[in-house]
Amino acid sequence: MEPPKSCLFSLNNLETNDEIDSEFLLDKDFLLQTLTGLSEREALDKLNVLTSSNPDSHKRVCVALLYVMLTDQSQASKAWRDLTIVSRDNLLLVLARLNQLVSLRFEKLLMPVKMQLIWILEQIITSNIPGGDQLFVLMMSCIKGGDTRSPNVLFAEQMIKIVTSQLNWVVANSFILNLSVFTFLRLIIDHTTPQVAHLRKAEISLSIKLIRENFTECMKLGRDLIRLLQGVAKIPEFIDLWRDILYSPQKLSPSFTGILQILSVRTSRRFLASRLTPDMEARLSFLATQVKFGQHQRYQTWFAKRYFTGPETQTLVCDCIRYICGVIHPTNEMLNSNIVPRWALIGWLLTTITSNVMAAQTKLALFYDWFFYNKESDSIMNIEPGILVMNHALKSHPVIAATLMDFIIRMTDEFCPELQREVWSGINNSFKDIIDKKVIADFALLVSHPKLDEELRLSFHRKFPGMCLTGRGEDVGAKEDDDSKFSDDDTRSPPPPPPPPPAVNLSLDNREKMLNESAFSGSQEEEEEEYVPEFVKEPVENGTVDDRGGGSVGGGDSASEYSEDNDSGLSSLIDDLDPSIKEEIRKFAYEAENIAQRTSFGNVISRIMDHPAWTRAKLATVAKCLHVTLQPYFSLSVMDDEDEQVPLHHGIFQLLSILTKDKRPRIWKFLSEFYNVEPRVGYHLLYYLYSRAQLDLYLEFTSYTSAGTLKACLTEDLRICQEEDSPATFYKIIPDLYQKFPAVTTGNSSILHLIVSCIDSQQLHTIVCNVMSKKMKIFNVRSISSLLRATLEWETFEQYCVWQLLSAESVPSESVIDVLKDIKDTHHFELFSSMLIFLKSVKPTEKVVKKIIFLQNFEDQLVIPITVWWIDKYGEGVIRIIEGFIGSAVSSMDDKRLNILVQFVETICKAVDTNHVIYNQANLWRQIKSSYSFISASVKENCLMVQKMMKEGRKQSGSQRDSESGSDQDSDESEEERPKLSKRKRDVSVLDSDDD
């Protein structure tokens, strides 16, 4: 029976009524049964009795009346009247249900229901019901940005009508007033087509009216008010408003001293969040707080397909960036985890932009808090994503990093010429706070990176002199007369930084007070704790600073932990060393030149080798000391994405060369202790030995590690390489590792997953070429079934890549088919489609066809499609194999197998048309006829096509018996079969009676 159609939600054929819908329906039925046969007065008296008797009856009556208002426009007024009379909680329950509908199910509500929602909201506002402001805020956020389809336009029109008709209520509530201005200013940008000109005109008129008449209150919106006004500045109606803001501030408000007063105030995160629908906000928050880094691409693709559906939706990107920067502030625990960082999400959003105008708007949204940054009132979490996007984009998208840096430099002069000094000061303060709080490991490396254009680097150094010298915690306030920081092309000093902007009437305390007095009773904006990365607040547990904005990566012992002062931590470690090596370690730690460091490191190793009494504990202490100095080397990629290799005489490789010259056990023990402190040394060693054609030494090294096995060390080192270094490094060494260590790489599902989890088309093609040219052997025939079963939990693209590699390698098809033996789930469509394509190229031998036919539960997904394909391509050869199986089942008296084979033939017949070659196979039908009496009755009932074909074949053979020369031979064959068949008890069938 078809389920009843929902009156609330738009559901597809696969969806059923959810619990909210079911609850509404049950309460409506309860109300109808209660009031059946009663007059209007009696019904009202009955409702009063019910709502007064117990809380449950009160709830059911209120919900039922709400359902009537939402679904029946003709009865809505009467239901509202009854509800206001019988409600005992001032509609608190009704408002909770409405908030639930809007926040959780608004996307699925039918359009008439949405219109009734607006009608109910107007009644609540008119009646001045407490809590109506919260419902208003939720419904305002449901007006989608970047959506000009008629349902969204109609909803926006109705909300404008509510604001216009309830203007006194709106103006009386500071937060509601500012939210209305913020929303309609933002929507004007979307409504540029002639079809929505009437809506755009209403939004412009209402926005200007609210701003001019309530400018003092609108100032509380903060700097994003100016950002939105910039977006509509070219509209004629806003030109006069802009002129007054810039040149006649007293006309707007006696307390307004100028645009800097607004720009100095950070916008509340509640306004930034209001421009995302509840559905979008929930999904973006999930993406930023729950999804692991490395697995976020599929969620990003899904998000883009759902919300970025056309060019007009690109305006949403600015809303998302402002939300990520201003609202999503991860805790230190999240920064230390593998949750996708904010900079990665923003970097992805930047790549979705195709319009130059929108590209400029998105950059403005990203850096807007930089222009007037004051660390006393702003949070570093608002500016952190911008610097991290630039820092990480240098590796894979240097063009984006360059355009972002160029944007900051140009905005210093171009954002507002009248406030040029203030903007320069704000950006300069941003850079200082970023350096002071060590948001990135090496600021000097960022601003002097060789991938940046030379002119761009010089422009930055001229604009922000001294910043390039502040890496690794150096003093930000370097003396400006230091010649080292200036280019020879320009020795001019910029004007000294101006003092901070004057205090405005909206201090932090005043802002909090304003929010406390807003419409949400007891729902104030939380105070934001000043962001201090955990490695600054207190020692971190694992040693190295993570560029994601705080936290750490890598393993380590507590003795090597960082405090804010690395030098003091290093000194305390050196003091614990053996006197024979203490001075050499100190020299190595504080040498600046590579050659001097190399010499000092060689002396350290010599001291270790000259003293046989060195224990593992002493070696571990030395390793911790060296790690403090060597840490910067590990933050650099071995290769970049253009396959440019870091020379082996640079960085950590020159030190590894010293270590690997002496292959005595003590060196390996020391290297294993260093490996415990800094796991990244493993893949650096691996790459170094690969480059020197000495991979045999890696096998020797692994025997001294705590894992002790080549398989465990290799898998872990490749994992760290894939996650933390350039993909070019990982895919460079993979072929040689498969060739050198086949015992631990061939059939290794963990390494295979690392390969396919971050692969692109070029890398996949390269590996396919290596496989086909026998340079790599990925699959082990004996374990291929278990490996393929492990892939069933992987992403769809990863599984398809595995099958690409499987097709490139000569793998026996029988072993591949065996993966299906223990699989019960019929929803592994990646497996079935890939196996079908794989089996298309396989010649159907008797062994292969047998494995396919006797698979259970996969007829439609695999068995029938590939069998039909084989019959079409190879013709009667496949039919002969099936005939042989039937004859074998009869001769071996295997009735179960015989039943399966006959059902299989029946299914094949149903899957093809009556002109197919299988219908012309007389031998096949004779074979089935000769065994038909041994087939079970249930199978006979279901095999109608088989019965039909045997009857037709029998009649045909009877009419041609005298004329065909082969009749005697057929009789002989029947006689030969009789002795075998007579061994069984024969059933009397319908076909036998037809013969008689």
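The values are calculated or read from the model by the stated rules, or taken from the named source; none is laboratory data. Source: prediction; values computed, not measured. Neighbour counts are summed over all protein chains in view; Cβ atoms, including those assigned to glycine, are modelled from backbone coordinates with ideal geometry. Surface areas here come from the heavy atoms of the whole protein model, side chains and all, with no ligands, DNA or RNA. Shrake-Rupley method; radii C 1.70, N 1.55, O 1.52, S 1.80 Å.
Summary table below
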| read-out | value |
| --- | --- |
| Amide H partners (placed H, <5 Å) of Phe854, local residues excluded | none |
| Spin-label proximity, Lys234 to the range 413-447 - amide N less than 19 Å from point 7 Å beyond Cα toward beta carbon | 414-417 |
| Mean Cα-pair separation over length for the range 396-466, i.e. relative contact order, pairs under 8 Å, 6 or more apart, % | 36 |
| Shape call, the range 100-224: gyration tensor on alpha carbons, a/c limit 1.5 | oblate |
| Distant-in-sequence amide H partners of Ile339 (H built 1.01 Å from N, under 5 Å) | Phe293 |
| Listed residue pairs exceeding 30 Å between alpha carbons, taken from Lys711/Lys774; Lys28/Lys114; Lys209/Lys375; Lys305/Lys777; Lys851/Lys873; Lys234/Lys451 | Lys209/Lys375; Lys305/Lys777; Lys234/Lys451 |
| For peptides 442-451, 172-181, sequence by mean Cβ density within 10 Å, most packed first | 172-181, 442-451 |
| Projected label distance in nm at Tyr800 and Met772, using a 7 Å step from Cα toward the beta-carbon | 1.9 |
| Relative packing of 357-367, 132-142, which averages over residues the other C-beta atoms within 10 Å, highest first | 132-142, 357-367 |
| Note, ³J(HN,Hα) from phi for the range 369-384, Karplus 6.51, -1.76, 1.60, rounded to Hz, x at Gly and Pro | 6, 6, 5, 9, 6, 9, 5, 6, 10, 9, 9, 5, 5, 6, 9, 4 |
| For Leu109, residues with placed amide H under 5 Å, excluding near neighbours | Ser10 |
| Residue-by-residue Karplus 3J(HN,Hα) for the range 409-414, coefficients 6.51, -1.76, 1.60, Hz, glycine and proline x | 4, 5, 5, 4, 9, 9 |
| Cα pair count fraction exceeding 20 Å, expressed as % - the range 1-103 | 38 |
| For peptides 336-345, 95-104, sequence by mean Cβ density within 10 Å, most packed first | 336-345, 95-104 |
| Given charges at Cβ of Lys, Arg, Asp, Glu: the range 10-139 dipole, positive-most of Thr84, Leu70, Leu38 | Thr84 |
| Label point distance in nm, Ser396-Lys910, each placed 7 Å from Cα along Cα→Cβ | 4.8 |
| ³J(HN,Hα) computed for each position of the range 808-813 - Karplus, 6.51 cos²θ - 1.76 cosθ + 1.60, integer Hz, glycine/proline x | 6, 9, 6, 10, x, 5 |
| Per-residue SASA entry for Tyr687, accessible area with 1.4 Å probe, Å² rounded to 10 | 0 |
| Label-reachable residues, the range 213-237, where backbone N falls under 18 Å from a point 7 Å from Arg243's Cα toward its Cβ | 213, 230, 232-237 |
